[in-house]
Amino acid sequence: VTATRIDEQGKLKDELQAPLLVHYAEDDTTNITSPHFIIYNTDTTEQPWHIYANYGKARDGINRLELWDQVKLEQLAGTNNAAISMITSAMTVFPKQQYAQTQQPVKVWQLGSVVTSVGLHANLKTGDIDLLSQARGKYQPDTNGK
């Protein structure tokens, strides 16, 4: 299944890809197997955010997306941002607000640095990432002689 949403100007807002969706009309939830959710920032030319998980549940249509089991959030390098990748066990995504959060331990990789934290708030529109507690970082320099 591939489901896309566009804005008023006809630009792609977000896209959900999954091999299996099961919708329950009585409570407007959808169980998703192996979701790959893509959030496009129509205000900039930055790379889209890709969100992967083994399982997910959409609530209120797709206003709230709960993901669990090997959740990965990443953005490729763009003109104004370095590549970034985050892994956690569970995350909630609010597609309309372009916002993601978790209270679980998370690991973040960017520019040769690895940061661990418990909890994270991510504004996917601005790229601002707030680490909530017990944040620890480690710089791993490039060993290829560059």
With R₀ set to 35 angstrom, the calculated FRET efficiency between the beta-carbons of ARG136 and ASP69, to the nearest 0.05, is 0.90
Heads up, segment 34-108 by the C-alpha gyration tensor (a ≥ b ≥ c square roots of eigenvalues; a/c under 1.5 rounded, else a/b over b/c prolate, else oblate) looks oblate
In this structure, the FRET efficiency calculated for GLN104 and ARG59 from their beta-carbon separation, with R0 = 22 Å, to the nearest 0.05, is 0.75
Along principal axes, largest first, the alpha-carbon spread of the chain in whole Å comes out as 55, 33, 25
Of all lysine pairs in the chain that are eight or more residues apart or on different chains, those with Cα atoms under 30 Å apart total 25
Taking a crude spin-label model, label points 7 Å out from Cα along the C-beta direction, the LEU111 to THR33 distance in nm is 4.2
Carbon and sulfur atoms account, in whole percent of the 1.4 Å probe accessible area of the chain, for 49
With every protein chain kept in place and a 1.4 Å probe, segment 1-121 has an accessible area per residue in Å² of 52
One checks the Cα atoms of segment 64-136 and finds Rg and Dmax, in Å, of 11.6, 32
Once both label points are put 7 Å beyond Cα along the C-beta direction, the GLN9-HIS121 separation in nm becomes 2.8
Note, ARG5: beta-carbon cut-off 9 Å, +1 each Lys/Arg, -1 each Asp/Glu, net -2
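The values are calculated or read from the model by the stated rules, or taken from the named source; none is laboratory data. Computed from a predicted model, the values in this text were never measured in an experiment. In this analysis, Cβ positions are derived from the backbone assuming ideal geometry, glycine residues included, and neighbour counts consider all displayed protein chains. The accessibility values were calculated without ligands, DNA or RNA, using every heavy atom of the protein model including side chains. Shrake-Rupley method; radii C 1.70, N 1.55, O 1.52, S 1.80 Å.
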